[in-house]
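Accompanying notes for the structure given below.
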Amino acid sequence: MFWDDYLRVESVDEALDYLDRLHGAGRVIAGGTDLVLQLQAGQKKASCLVDVSSVSSLCGITHKNGKICIGAATTHSQISSSSLLTTNAPSLSEACSQIGSPQIRNIGTVGGNIVNAQPAADSVIALLALNATCTIVSKNGLRDMPIGTLFSGPGISTIDSTQDIVTEISFDAVSSSAGSAFYRLSRRKAGSLPILNCAVCLRWNSEEDIITELRIAMGPVAPTPIRLYETEKAFTSDTFSMKLMREALNKAFDEVNPRSSLRGGREYRNEMAKVLVKRAMLKALEIAGWKNGR
Amino acid sequence: MVDKSKKTIRVKVNGAEHTVSIRPDRLLLDMLREDLGLTGTKRGCGNGKCGTCSIIMDGKLVDSCLVPAMKADGSEILTVEGLAGEGDLHPIQEAFLEKGAVQCGFCTPGMLLAAKSLLDENPDPSIERIKEAISGNLCRCTGYTKIIEAIESVSKGDETGQRT
């Protein structure tokens, strides 16, 4: 048997109690679109699955005290169709609208995408650029972790789903001078993993023509989703111009370290990283109020 | 004798209530096909790529090959067998026949449900929206043009009941 027992819980406390009693033999399941296949293939083990997808406190998107909060069991469909997110984080709506297929998006969750820890997890790339914080609870208490600290290798998360539950993902709601964008390169428009994906979140000062705050995230160009810190520095080092763009894109070329895989070769990915960063930057700048060619 | 390794779940499938005793690691697809005998839902790739196992669970289109049966406890499910009424095909089924949108037929159950899921939410979708709605369903015969035409004809309210 792939798993011996399956429990559906109504609250986070109930789930934590079960996980505690199972001493590592239990595992949290939400949408299960990745986990079911991994359990069938023997890549992950669990004697009992604890299903948190119907816990109401884990579902939904709210705007409180300048923060956008997303319950970890919110599905990709719910995120991509949320008008609150289209306004405040178009990069995240766009990222979630490109995951898998409609069937996968209807059941797969953002919390699951994080825990699954793929180097090019679309929602994670967008959340990394949004500087999101994940709230994780276990029997030992609650911790708020920056999303960038949750990955230690391809498919390896520091969240231990035999005892931890991701409850919420939050980030600052964007102001009118800010913009975010997400671009993805893949072989097909659906049902296809990304060859590369890139998310950008920035703040624009139109008085001084300068990018005052910038985060660029990219995958899969390292064993985990990463920020391009050097590229960010280059973009914010001077007043913005196409010359500055060219210099910064060269930094991006140096900063990424993709590998060759069936989806794309190292050299191709390395070149295309520049193209994707450029597209995402131009889109985010436009949203933030930058006037092209002024 | 009661098998303690089995769980009892209740589901409403195509309007009928069922109580099923099932091993907790069975998938919804297998429960539908093997326990309820509803073999209209097909197994294709078995890993959520091809969409031929698509069903509508509580109003949402999902791949039943990725859904543990236990997740369906208490839910309402529509499979291809539940589309037609007494003696009448569903307008989407009529449109598929009218437009020749069925070739080998293996993808058809999933395509029909993807189309229903779209039209329930948006009765007048654009071609782009139709393409997106069936983007999780592969047709090995590559008969997409006719499938898209069929879905469009339902949304336009074309006379689909008059096959010749």
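FYI, it's all coordinate maths here, none of it is from the lab. Source: prediction; values computed, not measured. When we count neighbours, we look across all protein chains shown, and the Cβ atoms used for this are built from the backbone with ideal geometry, even at glycine.
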Residue-averaged [θ]222 nm for the protein assembly as shown, counting only DSSP H segments that reach four residues, each worth -39500 (n - 2.57): -9000 deg cm²/dmol
dims of chain A, Cα set, principal axes, largest to smallest, nearest Å -> 63, 44, 33
In order through region A:173-190: 3J(HN,Hα) via Karplus (6.51 cos²θ - 1.76 cosθ + 1.60), integer Hz, x for Gly, Pro: 5, 7, 8, 5, 8, 10, x, 9, 8, 9, 10, 9, 10, 8, 5, 10, 7, 9
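For a 22 Å ceiling on Cα separation, which of these pairs sit above it: B:Lys99/B:Lys131; A:Lys67/A:Lys274; B:Lys6/B:Lys49? Kindly include the intermediate steps, with their values, before the conclusion.
Numbers: B:Lys99/B:Lys131 16 Å; A:Lys67/A:Lys274 31 Å; B:Lys6/B:Lys49 29 Å.
A:Lys67/A:Lys274; B:Lys6/B:Lys49, as the Cα separations exceed 22 Å there.
With a sphere of radius 15 Å drawn around the Cβ of A:Thr86, what net charge do the other residues whose Cβ falls strictly inside it have (Lys, Arg +1; Asp, Glu -1)? Don't jump to the answer; show the numbers that get you there.
Details: positive: A:Lys283; negative: A:Glu94.
Here the charged neighbours net out to 0.
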Which distance in Å, rounded to a whole number, links the C-alpha centroids of region B:36-63 and region B:93-119? 14
Using r as the Cβ-Cβ distance of B:Ser5 and B:Thr39, and R0 as 22 Å, what FRET efficiency do you calculate, to the nearest 0.05? 0.30
Have a look at region A:64-143 and give its Rg and Dmax from the Cα atoms, expressed in angstrom. 12.5, 37
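For an R0 of 25 angstrom, estimate the FRET efficiency from the Cβ-Cβ distance between A:Arg259 and A:Lys45 and round to the nearest 0.05.
Details: r = 27 Å, r/R0 = 1.10.
For A:Arg259 and A:Lys45, the calculated efficiency is 0.35.
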Across all Cα atoms of region A:169-242, Rg and the largest Cα-Cα distance (Dmax), in Å, are 14.4, 43
Using the number of other C-beta atoms within 10 angstrom as an exposure proxy, rank B:Asp30, B:Asp124 with the fewest first. B:Asp124, B:Asp30
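Return B:His90, A:His23, A:His76 ranked ascending by Cβ neighbour count within 10 Å, so the fewest neighbours appear first.
Working: B:His90 18, A:His23 9, A:His76 29.
The most exposed by this proxy come first: A:His23, B:His90, A:His76.
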In chain A, which whole DSSP H runs stretch at least 20 Å along their own axis (Cα) and average -0.5 or higher on the Kyte-Doolittle scale? A:266-287
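Relative contact order of chain A, please, whole-number percent, based on alpha carbon pairs below 8 angstrom and at least 6 residues apart. Spell out each step's value before the answer.
Details: 665 pairs, mean separation 46.6, N = 294.
RCO, chain A: 16 percent.
How long is the gain from A:Glu271 to A:Leu37 if the chain were fully straight, where each residue apart is worth 0.36 nm and the alpha carbon distance is subtracted? Don't jump to the answer; show the numbers that get you there.
Numbers: separation 234, 0.36 × 234 = 84.24 nm, distance 3.32 nm.
Taking A:Glu271 through A:Leu37 to full extension adds about 80.9 nm, to one decimal.
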Net charge near B:Leu118 (other residues with Cβ under 10 Å of its Cβ; Lys, Arg +1; Asp, Glu -1) is -1
For B:Lys7, which lysines qualify as cross-link partners when the Cα separation must be under 25 Å and same-chain residues fewer than eight apart are set aside? A:Lys44, A:Lys45, B:Lys42, B:Lys60, B:Lys71
For B:Lys7, other-chain or 5+-apart residues with amide H closer than 5 Å (H placed, Pro excluded) are B:Ile22, B:Arg23
Based on the inverse mean of 1/r over its pairs of different Cα atoms, what is the Kirkwood hydrodynamic radius of region B:91-155, in Å? 11.3
Could you give me the ³J(HN,Hα) list for region B:7-17, computed from phi with Karplus coefficients 6.51, -1.76, 1.60 and θ = phi - 60°, whole Hz, x at Gly and Pro? 10, 9, 10, 10, 9, 9, 10, 6, x, 9, 6
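Quick one: compute a quarter of the convex hull surface over the Cα atoms of chain B and quote it in nm².
Details: hull surface 40.0 nm².
Answer in nm², one decimal: 10.0.
In what sequence do A:Met145, B:Met111 fall when counting other Cβ within 10 Å, fewest first?
On the way: A:Met145 15, B:Met111 29.
Starting with the residue having the fewest Cβ neighbours, the order is A:Met145, B:Met111.
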What residues from region A:70-89 fall in the zone where the backbone N is under 15 Å from a label point 7 Å along the Cα-to-C-beta line of A:Val12? A:70-74
Calculated FRET efficiency for the pair A:Ser175/B:Asp58, C-beta based, R₀ 51 Å, to 0.05: 0.85
Here region B:148-155 yields Karplus 3J(HN,Hα) values (6.51, -1.76, 1.60; θ = phi - 60°; whole Hz; Gly and Pro given as x) of 5, 4, 5, 5, 5, 5, 5, 5
